[in-house]
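As structure tokens, the structure follows; a few thoughts come after it.
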Amino acid sequence: MHVHVVATGGTIASTAEGSETGAAPALSGADLVEAVPELERHAEVTAETVATRPGFDVSPAICARVARRVRDCRDEVDGVVVTHGTDTLAETARYLELTCEGPVVVTGSQRRPDEPASDAPTNLLTAVRALADERTRRGAYVAFDEELHAPSTVRKAHTCALGAFRSPEAGPLARLTRRRIRWHRDPSPPETRLPIPDPGDQPTVALVVSASGVGREAFDAVVTDADGVVVAGTGLGNTTAALGRAIADADLPVVIASRCHAGPTEPIYGTPGGAATLAGYDHVRFAHTTPWAARIELLLAIAADRVDDHFERFDT
């Protein structure tokens, strides 16, 4: 079995050595592989580095570069591991899930390799081991803290704990023990994929959050420069009345997701800003993923002119 590691930076590649200002990505993909000799027991592992960014500064352009490398490797290797910073790891995993047949597993770490009890070696080993299972022969996955998650449901749920990633709605796909993978449910990769946009020419999708007393100013400030907007609504996908009126006036695709940790969106309330009211607008659609996963999907769907294929429009 041949696994190729595509490194992008993040905590898993960071050190604080020689720094007076704080940690930063410094290790290459080859450095990461060399530090975990046990990988050789499970696969032939090669590596490359396509970026050296912290997770909080990964852009869609980098996602596109990574997706192209995953796609280009498909005929040469049995699977790809992408190492990544944890802050936006779930978003990049969703990008890969929607654009690549895989198999590809995204992982990272909460503690740097130069810190005591770093989780970097275990997470990298978990990702490589996951690719050896026949159930991961297609699609994208997140491997972390000896669990395997689906990109459509996973989120970073803790700022610093080693078990940072959770899938509140569905739970993990599987848990890896010392000897095997214990599957809780079968993976279900998307039936169709979206094209990978040119890294230098990707749509701009803004994210606006509804909360107590939020007016229309935040929405109005972003629509002039955006190709689409995702609104993280409250509850079942509701917004304040003022934000709802701004959405009504918009002339671009708007997708409503929920800022809740679990549960779908659904049109129940017919007040201004209620999801039932928003569902009556032709340019509004609904998502049942996290707001940031919905933002990645909207970006790709706008680029492919396939918004209606990827988001729900409720009958009103």
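At a glance:
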item: Selection count, the range 157-207, where residues are without any contact (Cβ under 8 Å) to a residue 40 or more places away in the chain and among the acidic types (D, E); result: 2
item: Hits in the range 126-142 (condition: more than 20 Å from A262 (Cα to Cα) and without any contact (Cβ under 8 Å) to a residue 60 or more places away in the chain); result: T126, A127, A130, D133, E134, R135, T136, R137, R138, G139, A140
item: Of all residues making up the range 244-288, the number that are assigned to a loop (DSSP other than H, G, I, E, B), within 28 Å of L98 (Cα to Cα) and in contact with a helix residue (DSSP H, G or I) (Cβ under 7 Å, 6 or more places away or on another chain); result: 9
item: Residue in the range 49-57 that is of a type in the set (K, R), crowded, with 18+ Cβ neighbours inside 10 Å and free of Cβ contacts under 8 Å to residues at least 60 places away in the same chain present; result: yes
item: Residues that are in contact with a Phe, Trp or Tyr (Cβ under 8 Å, 6 or more places away or on another chain) and under 19 Å from T52 (Cβ atoms), drawn from the range 94-110; result: V106, T107, G108
item: Helices (runs of 4 or more DSSP H) contained entirely in the range 1-118, each with at least 1 residues that are under 14 Å from the mean Cα position of the chain (by Cα); result: 60-73, 89-99
item: Residue within the range 117-125 that is out of contact with any helix residue (DSSP H, G or I) (no Cβ under 8 Å at 6 or more places or on another chain), surrounded by fewer than 20 Cβ atoms within 10 Å (Cβ to Cβ), at positive phi and of a type in the set (G, A, S) present; result: yes
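Yes or no, residue by residue, for (1) β-branched (V, I, T); (2) surrounded by 15 or more Cβ atoms within 10 Å (Cβ to Cβ); (3) closer than 15 Å to H84 by Cβ:
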site: M1; (1), (2), (3): no, no, no
site: I12; (1), (2), (3): yes, yes, yes
site: G22; (1), (2), (3): no, no, no
site: A26; (1), (2), (3): no, yes, no
site: L32; (1), (2), (3): no, yes, yes
site: A35; (1), (2), (3): no, no, no
site: E38; (1), (2), (3): no, no, no
site: R41; (1), (2), (3): no, no, no
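Any read-out appearing in this document is the output of simple, stated calculations on the displayed coordinates, not a laboratory observation. Computed from a prediction, not measured in an experiment: that's the story for all the values here. Backbone-built Cβ (ideal geometry, glycine too); neighbour counts: all protein chains shown.
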